[in-house]
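Each remark here refers to the structure printed beneath this line.
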Amino acid sequence: MKIAIYPGSFDPVTSGHLNIIRRAAKIFDRLVVCVMVNGGKSPMFTLEERVELIRRVTKDLPNVEVDSSNELLAEYARRKGGSVLVKGLRAGSDFEYEFQMALINRSINPDLDTMFLTAEHQYMYMSSSTVKELGKYGVDLSDFLPEEIIPDFQERIKLNLQGGK
Ligand code: ADP
């Protein structure tokens, strides 16, 4: 059984992420979407909330599991029996960093390969941060976020704005 891991911060999961999830789920027997703890970022949604939002938008995909971890990614993949890391590659910004990460992960776990899926053209310049920025200005988010999570997102934006964030 081919198991792939799709790691990220998913704060929150965007339509760009979901596009990668759907495509990867067709390629592998099992896809584990893993919300990774990233000490450097202060997230809008908690780890548990991010996991729940991803579960909600992937509930029609039986071979997708959603998990979270604070482990080293290469170790996590080993523990889950994953042999491939899936990454989405956007225009320009991702390449250097992802190339470096792929080499590091392989040096820690030589059985682990990284596979890049190119972003769909309409999501090529989209990140969770840009969506959060647009959200503050009341832009229509239906092109950027899965329909099922827009109310949660708008609610959180409102709370943050009230709290001065
Ligand atoms: P971001 O906060 O920049 O959206 P994440 O850490 O949540 O980043 O991203 C997880 C993975 O999803 C990374 O491999 C990233 O390259 C990929 N990704 C992020 N946004 C998109 C997108 N719009 N299209 C395709 N892949 C994406």
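The values are calculated or read from the model by the stated rules, or taken from the named source; none is laboratory data. Computed from a predicted model, the values in this text were never measured in an experiment. Ideal geometry is used to build each Cβ from the backbone, glycine not excepted, and the neighbour counts take in all protein chains shown. Accessible surface is based on the protein model in full, side chains and every heavy atom, while ligands, DNA and RNA are left aside. Shrake-Rupley method; radii C 1.70, N 1.55, O 1.52, S 1.80 Å.
Against the chain, whose longest principal axis comes from its Cα atoms, helix 95-108 is set at around 40 degrees.
A cut-off of 5 Å between modelled amide H atoms, ignoring neighbours fewer than 5 places along the same chain, links D113 with V84, L85. Computed over protein heavy atoms with a 1.4 Å probe, the accessible surface of the range 1-128 works out to 51 Å² per residue.
For each pair in K2/K87; K2/K59; K26/K132; K26/K59; K59/K158; K2/K80, compute the distance between the two Cα atoms and list the pairs where it is over 22 Å. Among K2/K87; K2/K59; K26/K132; K26/K59; K59/K158; K2/K80, the Cα-Cα distance tops 22 Å for K26/K132; K59/K158.
Rounded to the nearest 500 deg cm²/dmol, what is the calculated helix-only ellipticity per residue at 222 nm for the chain, with -39500 (n - 2.57) per DSSP H run of length n ≥ 4? Walk me through the numbers on the way to the answer.
On the way: 6 runs with 68 residues, N = 165.
Result for the chain: -12500 deg cm²/dmol, rounded to the nearest 500.
3J(HN,Hα) couplings calculated from phi for the range 82-91 with the Karplus curve 6.51 cos²θ - 1.76 cosθ + 1.60 (θ = phi - 60°) are, in sequence order, x, 10, 9, 9, 9, 10, x, 10, 9, 4 Hz; Gly and Pro show x. A simple rule links phi to the HN-Hα coupling: the Karplus curve 6.51 cos²θ - 1.76 cosθ + 1.60 with θ = phi - 60°, which for the range 47-57 gives 4, 5, 5, 5, 4, 5, 5, 5, 4, 4, 8 Hz, with x for Gly and Pro. Heavy-atom surface analysis with a 1.4 Å probe gives the chain a carbon and sulfur content of 53 percent of its accessible area.
Select from Q154, S128, F116 the residue farthest towards the positive end of the dipole of the chain; place +1 on Cβ of Lys and Arg, -1 on Cβ of Asp and Glu, and compute about the Cα centre. Toward the positive end, the furthest listed residue is F116.
Applying 0.36 nm per residue to the separation of I108 and D152 and subtracting their alpha-carbon distance, the gain on full extension is 12.1 nm. Rounded is the label for the range 3-125, because a/c, from the alpha-carbon gyration tensor with a ≥ b ≥ c as root eigenvalues, stays below 1.5. Here the relative contact order of the range 1-145, from alpha carbon pairs under 8 Å that lie six or more residues apart, stands at 30 percent.
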